[in-house]
Number of protein chains: 2
Amino acid sequence: MLSFEVEARSGRARAGRLVTPHGPVETPAFMPVGTAGAVKAVTRQDLEAVGAQILLANTYHLMLRPGDALVARLGGLHGFTGWKGPFLTDSGGYQVFSLADLRELTEEGVRFRSHVDGSPHLLTPERSVEVQMNLGADLAMAFDECPPYPAPREAVEEATARTTRWAERSRAAHRRTDQWLFGIVQGGVHLDLRERSARELLGMGFPGHAIGGLSVGEPKGDRDRVLDHLDPILPTAKPRYLMGVGTPEDLVEGVARGVDLFDCVLPTRNGRNGQLFTSRGRVSIRNARYREDPLPPDPDCPCYTCRTASRAYLRHLHLAGEITAATLLTIHNLFFYLDTLRRMRQSILLGRFEEFRQEFGRSLAASAPEAEGA
Amino acid sequence: MLSFEVEARSGRARAGRLVTPHGPVETPAFMPVGTAGAVKAVTRQDLEAVGAQILLANTYHLMLRPGDALVARLGGLHGFTGWKGPFLTDSGGYQVFSLADLRELTEEGVRFRSHVDGSPHLLTPERSVEVQMNLGADLAMAFDECPPYPAPREAVEEATARTTRWAERSRAAHRRTDQWLFGIVQGGVHLDLRERSARELLGMGFPGHAIGGLSVGEPKGDRDRVLDHLDPILPTAKPRYLMGVGTPEDLVEGVARGVDLFDCVLPTRNGRNGQLFTSRGRVSIRNARYREDPLPPDPDCPCYTCRTASRAYLRHLHLAGEITAATLLTIHNLFFYLDTLRRMRQSILLGRFEEFRQEFGRSLAASAPEAEGA
């Protein structure tokens, strides 16, 4: 019921097609983050308008509220949220370490208290997979342990080994044929641990692979080295998902290293905080220079926000605390992200990805640190 | 450049057509409140989709932030916000008494400090009209004094007399021919003061009349009596605007007494607070009874929210504090308000308003206090 095909390459960059029970995803693709079953500050029709093909939802948040059993009774994420396209759920591993209280980690899993109501929970590989089967996303993730950065090598080694054991338990617990379960590569910034993690996962025959534990504070050079090292190890015929990354520049560098799927809260979170990503760099809309600026946020952008709102108006709405500002800035940022991925894909299909990458970098460099406008 | 025509009557209810430089308004009409130049939690395309024909913006808020001179330089409210249809601005009189600090009322006007930054301001009839000319709405209001309820009769009498004097000064200061300036009838719940206020305004030849100082805490019976008393006094050929009213039932009773225009924050504010107005009464979406309810908020409603979201999903988003909940509930409430007005207008054109009114009341009574669903 699911398939993935690499349609074209340009250097190491790949253009592919992921087919799911809820429709196709053209890769490389960016997945807007719908933590609690909605992408913050926008509606489904906004997501359709910006061209989102697949959404991410967070296992940790949804198992706590409204509860995965309730979501299952209402038809899974698709029935519950009404989003007709594909969904991906994460494993809950990262959130349980970053958000929950009173964590206790054992080989069995993680005991914690809900950040919503303090109730006690135990998240294991089996429970994570059960939650994800209840949520019914098209793509699910094996339960993993994501070590912090920095951490002693021994701690990373232990977390990586446990992630392998948990991947095996996750795989054994997974029973939906209409859902793909990805293994997650851990190993921090240590290339030998990354390689070991990847090779152990390969033996289990996962249909796709996530690369976790990056974008947690490590130097960008380390991240690039990990991706460079994993590229020839991971099977070329299976999709690769770089978790939680990143800025538009990070996405370009990820695609350059063979990544197919991305998610990140930056376009939505920064939108709510008044920061826009544009073809000329970042725009902090509260900056006084935009007080009377009649130009749209990005004069080259055809999104709804740029077609209908000036920087002066958006600045005013943001400073007045209007919810509409969060919506409009989020719409633009998501459009910019998704459009950047679409343009990358097009350049790969044309065999011109390297030209795109260089032009993208030049455009940003020409106007940093704050876009100048027309 | 502006005109108003009563097209049909049914009892005392009127169906009319207000033509403005920014398009027509079919009356009776409800104006969504866009305090700071945006209707909270929705975008222009949402407003277009629910069928809004005219928006209200608040003079007090916009003169303080971003400032009326800035709005004027960016093309007035229409250029600044991008809303192409008609706008109405209020006089700032009500807000300066309810929101500002350190008010000092004199015959000249009201001295106050901004609730935004504490800066000192003087709002006079001349300044209110200047601000409104800068904002450039199609309909503007004379500066008025809105006494609180309850207040001693002498205080109401004094405020009413001052409102007349300020109306004269407002009229003298008004110079835009593409903008209608309405006089505001005050007088509290005292029918003789209301009549005196109206007759004094009539002598000044305003093109339309607002009825202020209601929906401030007075008994509903008093409000109905004021409207009944004013109906034969106000000229039938000119539009009548009942300020700040009210619930859907209030709107029906206002139309029954000859009112053409309404505004109120209830559909937007209550939407953000999780309360829906439906054909079967009000729905508090946080109610536990909706926890697993797969029905839309109002099964009879064709709005975007009711076509795409269940009560269970909306309840979850609201409880999770998701901005998207505010957007979806606001869209439904605005649709319900605007649709109620459209249906009233249709019933008037068919000479069947009284049937509509009775059916509307029966439908609500059958399901109070909380809609039961299908």
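The values are calculated or read from the model by the stated rules, or taken from the named source; none is laboratory data. Remember, it's a predicted structure, so these values are computed and weren't measured experimentally. Heads up, the Cβs are rebuilt from the backbone with ideal geometry, glycines too, and the neighbour counts pull from every protein chain shown.
Could you please give the count of residues in the stretch A:253-286 that are surrounded by fewer than 22 Cβ atoms within 10 Å (Cβ to Cβ), of a type in the set (S, T, Y) and within 14 Å of chain B (Cβ to nearest Cβ)?
0
Out of the helices (runs of 4 or more DSSP H) lying entirely within the stretch A:74-191, which hold 1 or more residues that are farther than 30 Å from A:Q45 by Cα?
Working: elements: A:76-81, A:93-98, A:125-135, A:153-173.
Ranges flagged: A:93-98, A:125-135, A:153-173.
Among the residues that make up the stretch A:183-192, is at least one of them surrounded by fewer than 23 Cβ atoms within 10 Å (Cβ to Cβ), over 23 Å from the mean Cα position of the chain (by Cα) and more than 18 Å from A:G205 (Cβ to Cβ)?
yes
Output the residues belonging to the stretch A:118-139 that are more than 19 Å from A:G37 (Cβ to Cβ) and touching a strand residue (DSSP E or B) at 6+ places or on another chain (Cβ under 6 Å).
Answer for the stretch A:118-139, where residues must be more than 19 Å from A:G37 (Cβ to Cβ) and touching a strand residue (DSSP E or B) at 6+ places or on another chain (Cβ under 6 Å): A:P120, A:L122.
Which one of these is more than 30 Å from B:T324 (Cβ to Cβ), of a type in the set (G, A, S) and outside any loop (DSSP other than H, G, I, E, B): B:G271, B:G213, B:G254?
Criteria check complete, one pass: B:G254.
Just for the stretch A:324-336: of the residues that are without any contact (Cβ under 8 Å) to a residue 60 or more places away in the chain and facing chain B (nearest Cβ under 7 Å), which one is farthest from A:G271 (Cα to Cα)?
A:T324
Considering only residues of the stretch A:287-323 that are charged (D, E, K, R) and in contact with a strand residue (DSSP E or B) (Cβ under 9 Å, 6 or more places away or on another chain), which is nearest to the other protein chains (Cβ to nearest Cβ)?
A:R311
So which of A:G217, A:G221, A:G246 is assigned by TED's automatic domain parsing to the domain that holds A:L55 and in contact with a strand residue (DSSP E or B) (Cβ under 8 Å, 6 or more places away or on another chain)?
So the residue among A:G217, A:G221, A:G246 that is assigned by TED's automatic domain parsing to the domain that holds A:L55 and in contact with a strand residue (DSSP E or B) (Cβ under 8 Å, 6 or more places away or on another chain) is A:G246.
Free of Cβ contacts under 8 Å to residues at least 12 places away in the same chain and in a loop (DSSP other than H, G, I, E, B): which single residue out of B:P294, B:P299, B:P232 fits that description?
B:P232
What tally of residues in the stretch A:43-67 results from selecting those that are more than 12 Å from chain B (Cβ to nearest Cβ) and in a helix (DSSP H, G or I)?
Here the count works out to 4.
Do you know which of the residues in the stretch B:73-101 that are under 21 Å from B:H22 (Cβ atoms) and surrounded by fewer than 18 Cβ atoms within 10 Å (Cβ to Cβ) is farthest from the other protein chains (Cβ to nearest Cβ)?
So, considering only residues that are under 21 Å from B:H22 (Cβ atoms) and surrounded by fewer than 18 Cβ atoms within 10 Å (Cβ to Cβ), the one farthest from the other protein chains (Cβ to nearest Cβ) is B:K84.
What number of residues within the stretch B:56-108 satisfy the criterion of being without any contact (Cβ under 8 Å) to a residue 12 or more places away in the chain and charged (D, E, K, R)?
Final tally of qualifying residues: 3.
Between B:I233, B:I211, which is closer than 29 Å to B:E168 by Cα and under 19 Å from the mean Cα position of the chain (by Cα)?
Going through B:I233, B:I211 in turn, the sole match is B:I211.
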